[in-house]
DNA sequence: AACACGGGGCA
DNA sequence: TGCCCAGTGTT
């Protein structure tokens with residue numbers, strides 16, 4: 001883009017022409033441009049936070065089926081909302097969505113960026129997206145796609161959030177803010193992809209500084225990431241794969257979800273000490289080991305050894321509870337053992 | 001400004 | 001295996 005203001009209208013026009021021709025047909029893009037259904041847009045935007053469209057789409061269909069209106073969402077217990085969100089990750093999104101639904105039912109659907117921004121779980125990105133797509137407000141979104149597209153267009157290897165926002169504000173067409181936002185995101189998702197961008201199919205390649213450099217994929221530079229933490233823990237399966245003792249997880253990690261009672265193996269302690277602590281806490285007796293499962297969660301790698309036992313609190317119906325992948329893996333050990341016992345009988 | 005927060009797709 | 005995904009809230 002070279003920063004030359006004179007090229008801006010041409011880039012904008014090429015981008016919008018491409019979008020009108022090649023824009024994706026997505027289930028939340030219903031209603032007129034700039035006047036989309038705010039509930040659908042809001043739910044989709046939250047679902048798509050750090051989640052790829054192909055995946056978010058599946059959950060969107062399921063979620064809208066279960067909760068067709070914001071009133072239905074607000075009227076539903078949080079446990080059922082989390083069950084619909086099960087497996088999608090970042091469960092604070094579901095908790096905030098449910099809380100916000102209550103706010104909307106009492107105070108009405110927001111109609112401005114500031115109104116949306118005030119809701120829990122709605123940050124700068126989501127507020128700009130809903131305000132532009134559903135309310136026709138001229139707000140430029142700033143997400144991973146926008147960051148990558150603009151970094152390449154301008155040849156910026158280390159784009160700060162403020163830098164990206166300023167470029168996005170420049171590019172936004174005040175006459176078609178919603179279409180402009182969707183266009184950049186569609187371009188980033190289908191053409192200006194992280195690896196192996198399809199520059200031959202790009203409507204703005206003529207202005208792209210990164211393409212001119214010969215290494216478009218090198219923009220922006222990869223982010224440095226925090227090291228993954230190794231975590232060891234023990235769990236107790238009291239009951240079976242259908243009915244077992246489940247506890248509600250507290251705090252930020254998988255908060256709100258149900259799971260097998262677990263104790264972390266801390267510091268230099270032996271695994272059997274953590275297991276003893278767990279059994280004592282539950283008033284249960286350990287009868288055997290079922291096996292070990294591992295589960296990666298971006299920032300940590302959990303190794304969970306699962307034991308069978310007797311006693312303890314009342315069992316609950318597993319299928320009706322919202323569980324993390326880790327607990328589904330742990331419960332699968334039960335079925336694996338049953339199959340093994342059957343084979344040896 | 002730096003972390004924590006899930007889970008999966010893809011090279 | 002490593003990087004990234006329509007980010008947000010907390011410290």
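The values are calculated or read from the model by the stated rules, or taken from the named source; none is laboratory data. Given the structure is predicted, the values throughout are model-derived calculations rather than measurements. No Cβ is skipped: glycine too gets one built from the backbone with ideal geometry, and neighbour counts run over all protein chains shown.
In the range A:209-220, which residues are assigned to a loop (DSSP other than H, G, I, E, B), over 23 Å from the mean Cα position of the chain (by Cα) and within 12 Å of DNA strand C (Cβ to nearest atom)?
A:219
Just one of (1) at pLDDT 95 or above; (2) outside any helix (DSSP H, G or I) trips up residue A:269, so point out which.
(1)
Go through (1) over 25 Å from the mean Cα position of the chain (by Cα); (2) surrounded by 16 or more Cβ atoms within 10 Å (Cβ to Cβ) one by one and return the number of the condition residue A:42 breaks.
Residue A:42 satisfies all of (1) over 25 Å from the mean Cα position of the chain (by Cα); (2) surrounded by 16 or more Cβ atoms within 10 Å (Cβ to Cβ) except (1).
If you check A:197, A:220, A:203, A:261, which single one turns out to be at pLDDT 95 or above and within 12 Å of DNA strand B (Cβ to nearest atom)?
From the options A:197, A:220, A:203, A:261, the qualifying one is A:197.
From the list A:206, A:226, A:235, which residue is in a loop (DSSP other than H, G, I, E, B) and over 15 Å from residue A:318 (Cα atoms)?
A:226
Please specify each residue of the range A:293-345 satisfying the condition of being away from DNA strand B (no atom under 12 Å from the Cβ), at pLDDT 95 or above and surrounded by fewer than 16 Cβ atoms within 10 Å (Cβ to Cβ).
Listed by number, the residues that qualify are A:303, A:310, A:311, A:313, A:314, A:315, A:316, A:317, A:319, A:320, A:332.
Keeping to the range A:283-309, report how many residues are outside any loop (DSSP other than H, G, I, E, B) and over 28 Å from residue A:89 (Cβ atoms).
Number of matching residues: 8.
Identify, from the list A:89, A:102, the residue that is within 16 Å of DNA strand C (Cβ to nearest atom) and within 17 Å of the chain's Cα centre (by Cα).
A:89
Which pairs turn up if I take residues in the range A:231-255 that are assigned by TED's automatic domain parsing to the domain that holds residue A:318 and under 17 Å from residue A:305 (Cα atoms) and look for partners that are surrounded by fewer than 14 Cβ atoms within 10 Å (Cβ to Cβ) and at pLDDT below 95 with beta carbon separation below 7 Å, at least 6 apart in sequence or on another chain?
Taking only residues 6 or more apart or on different chains, the pairs are A:241/A:335.
Say whether the condition of being in contact (Cβ under 8 Å) with a residue 12 or more places away in the chain, within 10 Å of DNA strand C (Cβ to nearest atom) and surrounded by 15 or more Cβ atoms within 10 Å (Cβ to Cβ) is met by at least one residue in the range A:105-114.
No, there is no match, as no residue in the range A:105-114 is in contact (Cβ under 8 Å) with a residue 12 or more places away in the chain, within 10 Å of DNA strand C (Cβ to nearest atom) and surrounded by 15 or more Cβ atoms within 10 Å (Cβ to Cβ).
Is it fair to say residue A:119 is away from DNA strand B (no atom under 16 Å from the Cβ), assigned by TED's automatic domain parsing to the domain that holds residue A:38 and within 19 Å of the chain's Cα centre (by Cα)?
Yes: the conditions hold for residue A:119.
Taking the stated definitions as given, is residue A:34 over 21 Å from the mean Cα position of the chain (by Cα) and surrounded by 14 or more Cβ atoms within 10 Å (Cβ to Cβ)?
Considered against the rule, which asks whether it is over 21 Å from the mean Cα position of the chain (by Cα) and surrounded by 14 or more Cβ atoms within 10 Å (Cβ to Cβ), residue A:34 comes out as yes.
What pairs can you find where one residue is in the range A:24-39 and part of a helix (DSSP H, G or I), the other is at pLDDT 95 or above and crowded, with 17+ Cβ neighbours inside 10 Å, and their Cβ atoms are less than 8 Å apart, with a gap of 6+ or different chains?
Note: pairs meeting the criteria are A:38/A:110; A:38/A:130; A:38/A:134; A:38/A:135; A:39/A:70.
Within the range A:232-256, can you find the residues that are closer than 20 Å to residue A:298 by Cα and away from DNA strand C (no atom under 16 Å from the Cβ)?
The answer is A:232, A:233, A:249.
Checking the structure you have, find out if any residue of the range A:26-34 is within 18 Å of residue A:182 (Cα to Cα) and more than 14 Å from DNA strand C (Cβ to nearest atom).
Scanning the range A:26-34, I find at least one residue that is within 18 Å of residue A:182 (Cα to Cα) and more than 14 Å from DNA strand C (Cβ to nearest atom), so the answer is yes.
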